[in-house]
Amino acid sequence: MNPHTVDLQRIERATPPGAMLVVGRIRRAGGAAYLVGGCLRDLLLGRPVKDWDLATDLTPKELRPLFRRVHEVGARFGTLLVPAGGAVYEVTTFRTEREYSDGRHPDGVAYTRDLTEDLRRRDFTINAMAWTPGAAGIVDPHGGLSDLALKRIRAVGEPRDRFREDALRLLRAVRQATELDFRIDEPTFAALREEAAGLRRVSAERVRDELTRILQAPRPSRGLRLLRETGLLALILPELDATFGAPQNRFHAYDVFHHSLYTADAAPADDLIVRWAALLHDIAKPQTAAAGEGETERTFYGHQVLGARLARRILRRLRYSNEQVERISHLVYHHMFYFQTEWTDSAIRRFVRAVGLENIPDLIALRLADMAGNGRRGGDRTPMHRLLQRVEEVMQKDAALTVKDLAIGGHDLMALGLAPGPGFGRILRALLEQVLDHPELNEREALLAEARALAARGVHLEPDAHERGAGGGRRSRDEG
Ligand code: ATP
Ligand code: MG
């Protein structure tokens with residue numbers, strides 16, 4: 001962006017009335033107020049603004065009386081949240097950051113009345129600009145405008161020092177490059193590699209939040225590649241790092257690493273669960289690879305089972321919620337299904353029962369991404385559309401899918417004279433197996449007769465497949 005061609009009128013028009021209101025109040029009280037950081041950057045890029053940051057020379061104490069309502073979270077660090085015109089503005093007093101002893105927390109917050117000091121503490125040049133409504137120019141002491149034009153992430157000042165002060169910046173650099181589709185300037189990139197180990201000081205939650213944003217970007221592969229090249233990936237996702245160069249078989253054009261990245265790219269950007277499942281679906285391939293007849297016939301039996309376990313471990317470590325961990329690892333576990341149009345209704349019902357109806361759209365999205373990330377076959381999407389259609393058709397027929405949906409229950413078995421206990425589950429599960437094949441059997445009298453027959457055969461006395469912990473994926477050649 002040529003500093004002389006910035007269309008400030010456009011920026012002014014895009015600034016919401018609430019921001020004007022807050023700035024106006026501060027000015028009338030004799031203060032200065034600027035739009036700073038990400039919101040100014042995004043306004044200049046014409047991107048939607050996530051959060052509105054204002055910087056001012058007034059202290060929180062001086063600011064409070066100016067507004068009817070303020071939220072105090074962050075006041076200790078000089079930030080007040082001011083609601084205005086339907087949005088909330090983060091109003092932060094100009095500050096410098098003193099010493100950094102642990103690379104994580106500034107030791108203290110020191111206010112300053114000098115805007116340029118405040119801009120100097122910011123991470124990247126494109127985030128270190130300021131503008132106040134009505135002003136004829138942008139305050140840009142570090143060349144942020146030209147870096148915006150060059151699409152370049154460049155640290156403010158000496159990059160190594162900046163990453164040592166605050167190791168979170170390592171990930172912010174990669175994340176912003178990914179979100180904005182920018183390059184990382186060479187000296188900044190070199191410093192990322194040198195200082196990568198500092199990431200150990202960053203909490204799992206903050207790593208998670210940055211990774212989440214990388215995965216929600218249009219093309220996560222860009223960020224993941226940067227993470228690997230800088231050595232950051234080995235620290236936060238060593239399991240994925242280990243897939244780099246891991247060979248596949250003749251069904252694939254890429255190694256496991258690149259296939260994983262392209263699968264994540266192809267998954268819907270607004271679905272974090274499917275994006276993660278896409279990234280991790282083949283995570284256990286290096287450990288499960290076995291030679292087939294010839295190099296290109298390699299097999300990966302059971303990689304979905306071990307992969308689900310690894311996925312769970314990784315996502316727990318990153319402090320994703322239990323629900324997210326379970327949904328993602330569940331998709332990894334089931335990603336190898338092999339749908340054929342010949343599947344009978346009962347095959348569809350078994351599939352739905354194994355996967356869970358609510359997970360089927362995600363699983364299909366994962367498969368479509370997997371196909372797109374494969375780089376070899378053109379990939380016919382119609383069977384997946386057909387599968388979804390079949391699932392809907394079969395569900396319309398209102399088939400029984402779990403023991404709870406059976407027309408009889410435990411009390412009926414007691415009435416038949418059976419003793420309560422694990423035998424009840426065995427009989428009900430055996431009945432369910434039959435109902436899956438013959439939904440018309442799910443009717444009280446028929447089931448009672450069948451239950452009697454099963455009990456006469458002693459089915460209730462022996463542990464069944466469910467109790468033996470059966471399950472696990474199909475052992476098939478890897479095509480998924
Ligand atoms: P986004 O809102 O899209 O995440 P952002 O750049 O606005 O991007 P915020 O976390 O909202 O990021 O921070 C606002 C501003 O504060 C940044 O633009 C930057 O100027 C400054 N900043 C944030 N985090 C750091 C940091 N770790 N080190 C230095 N400056 C930072
Ligand atoms: Mg922001």
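Every number here is computed from the coordinates shown, using simple stated rules; none is lab data. Here the structure is a predicted model, which is why all the values come from computation and not from measurement. Because the Cβ atoms are built from the backbone with ideal geometry, glycine has one as well, and the counts that use them run over all protein chains shown.
General observations
- Point-to-point label distance, D51-E72, nm (Cα→Cβ direction, 7 Å offset): 2.0 nm
- Positive-pole candidate from G134, G86, Y338, dipole of the chain, charges at beta carbon: G134
- Relative to the current alpha-carbon distance between R468 and A453, full extension at 0.36 nm per residue lengthens the span by 3.1 nm.
- Residue (of P422, G157, L448) at the positive-pole extreme of the chain, dipole from beta-carbon charges: G157
- Straightening the chain between R317 and E186 buys 44.0 nm, computed as 0.36 nm per residue apart minus the Cα-Cα spacing.
- Here the dipole of the chain is about 900 debye; that uses its Cα centre as origin and unit charges on the Cβ of Lys and Arg (positive) and Asp and Glu (negative).
- Taken about its Cα centre, the stretch 152-236 carries a charge dipole of roughly 200 debye when the Cβ of each Lys and Arg holds +1 and the Cβ of each Asp and Glu holds -1.
- Phi-based couplings in Hz for the stretch 380-389 (Karplus 6.51, -1.76, 1.60; Gly and Pro marked x): 8, 7, 4, x, 6, 5, 5, 4, 4, 5
- Inter-label distance, nm, simple model (7 Å from Cα along the C-beta direction), Q9/A149: 2.1 nm
- Cross-link reach is defined here as a Cα-Cα straight distance under 12 Å, omitting same-chain residues fewer than 8 places apart; for K61 the aspartates and glutamates meeting it are E72.
- Cα gyration tensor category, rounded, prolate or oblate, for the stretch 403-468 with a/c compared to 1.5: oblate
- Extension gain from R201 to K404, taking 0.36 nm per residue of separation minus the Cα-Cα distance: 68.2 nm
- Evaluated at q = 0.09 Å⁻¹: base-10 log I(q)/I(0), Debye formula over Cα of the chain: -0.77
- Over the stretch 253-399, relative contact order from alpha-carbon pairs under 8 Å, at least 6 apart, %: 30 percent
- Spacing of the two label points (7 Å from each Cα toward its C-beta) at D161 and A372, in nm: 4.5 nm
- Taking Cα centre as origin and charging only the Cβ of basic (Lys, Arg, +1) and acidic (Asp, Glu, -1) residues, the dipole magnitude of the stretch 403-468 rounds to 240 debye.
- Most positive-pole-ward Cα, G379, I360, P286, against dipole of the stretch 253-399 from beta carbon charges: P286
- Crossing angle, helix 444-456 versus the chain [Cα axis fit, 0-90 degrees, rounded to tens]: 70 degrees
- Tensor-based shape of the stretch 59-194 (alpha-carbon gyration tensor, a/c under 1.5 rounded, otherwise prolate or oblate): prolate
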